[in-house]
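Before any comments, here is the structure.
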Amino acid sequence: MAATLLDVITDALTSIGQLGIGQTASPEMAQQAFRKANRMLQKWSLQKLLLYVVTTRPFALAATVQDYTVGPTGTFVGTRPVFVESGVAIVPGSTMQNPMNILTKEQWDALPDSGVICGLNGTPASVWPEYTNPNLTFHVTPIPSTIVNIRLGTWELLQQFASIFDELALPPGYEEALMYNLAVELAPDYDMPVSSDIAQLAADGLNTIKTNNAQKLRGALGESQILSSPNVGIPPAAAAPAG
C-alpha cells in the first residue's frame, strides 16, 4: 500500500523529535506540514533534475490564430505548464515533424514580422511561451493557414496534495527525499536545530533523484539535459513566405 502524506508528515516530525514512535500529529501540526509539503514540491518543480519526466503535450492550432493559453481557464483547459523547453510541428497531411525554436520575449520582439502567415502546408517555425498566470500564453510564428498539430515539451508541477490522506503518486526515491527535506523545513518552526544526519539524508535524497533523473532525461532528450530550454538563443528559422 502506498504511503500517504500523513505517513510522511508523521515520520518527518518523529525524526526531529516532535513525535514519539506511535504518536500522531495534531490537526494543526499536520495542516502546517501539509502546506509546507505542497510548497516544497512546487519549488522542486522549477528544477529540471527534480522532474522525473518532461511531458509531451499535443495542441491543435487553428487556422490564422497566433495566440493561445493553457491552464484552468485557457484556450486549452488543463494544468498550467511550469516551463516550455522544446516543440515540434507536424506537417499537415504527413507524419513529418519540424523542430520549433523556443523564443525569449526579446527574440520575439526582434522578429521583423511575427504576423506572417504560413504557406500551404507550412508549419510555425517558432513559439514564444509567455509565463502568464493562471494560464500560460504561447504565441506562434509564422501563423498557420490551416489546422496544424504541434507538440510542446513541458515541465509539469509535481504532485500537489489535496489532503493529508492522499497517497503519494511519485516514483521511488521521492518519498524519502520528501520526508527528510520536510523535516528540515519544519525544524525551525519548533525551534529545533537540524541535526547533521538529517541534513545529510535530505541532501542525499535530492542528489539521488537528480542523478537518476539526469540519466533518464539525457537518454530520452539529449541536449535538453541542461537546465533550460535546449534551443533558447538559437536564431529562429526564416519564416515561410506568405501565400
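The table below gives the values:
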quantity: Which numbered condition Pro193 fails, given (1) part of a helix (DSSP H, G or I); (2) within 14 Å of Gln18 (Cβ to Cβ); (3) modelled with pLDDT under 95; calculated: (1)
quantity: Single condition Ala37 does not satisfy, out of (1) surrounded by fewer than 18 Cβ atoms within 10 Å (Cβ to Cβ); (2) outside any loop (DSSP other than H, G, I, E, B); calculated: (1)
quantity: For Ser114: the one exception among (1) touching a helix residue (DSSP H, G or I) at 6+ places or on another chain (Cβ under 7 Å); (2) of a type outside the set (Lys, Arg); (3) touching a residue at least 60 places away in the same chain (Cβ under 8 Å); calculated: (3)
quantity: Filtered residues of the stretch 19-34 (kept if among the polar types (S, T, N, Q) and either at pLDDT below 95 or not in a helix (DSSP H, G or I) (or both)); calculated: Gln23, Thr24, Ser26
quantity: Lone qualifier among Gln66, Gln97 - being in contact with a His (Cβ under 6 Å, 6 or more places away or on another chain) and either over 20 Å from Gly115 (Cβ atoms) or buried (at least 17 other Cβ atoms within 10 Å of the Cβ) (or both); calculated: Gln66
quantity: Residues located in the stretch 72-91, provided they are free of Cβ contacts under 8 Å to residues at least 40 places away in the same chain and part of a strand (DSSP E or B); calculated: Phe76, Val77
quantity: Neighbours by Cβ (under 8 Å, 6+ apart or cross-chain): first from the stretch 127-151, under 10 Å from Gln66 (Cβ atoms); second of a type in the set (Gly, Ala, Ser) and surrounded by fewer than 16 Cβ atoms within 10 Å (Cβ to Cβ); calculated: Thr141/Gly115; Pro142/Ala242; Ile143/Gly115; Pro144/Ala62; Pro144/Ala63
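Yes/no matrix, rows are residues, columns are (1) among the β-branched types (Val, Ile, Thr); (2) within 16 Å of the chain's Cα centre (by Cα); (3) assigned by TED's automatic domain parsing to the domain that holds Asn121:
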| position | (1), (2), (3) |
| --- | --- |
| Ala25 | no, no, no |
| Ala37 | no, no, no |
| Leu46 | no, yes, no |
| Phe59 | no, no, yes |
| Ala62 | no, no, yes |
| Phe76 | no, no, yes |
| Gly87 | no, yes, yes |
| Pro92 | no, no, yes |
| Asn98 | no, no, yes |
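The values are calculated or read from the model by the stated rules, or taken from the named source; none is laboratory data. All figures in this text were calculated on a predicted structure; none of them were measured in a lab. Positions of Cβ are generated from backbone atoms using ideal geometry, with glycine treated the same way; all protein chains shown enter the neighbour counts.
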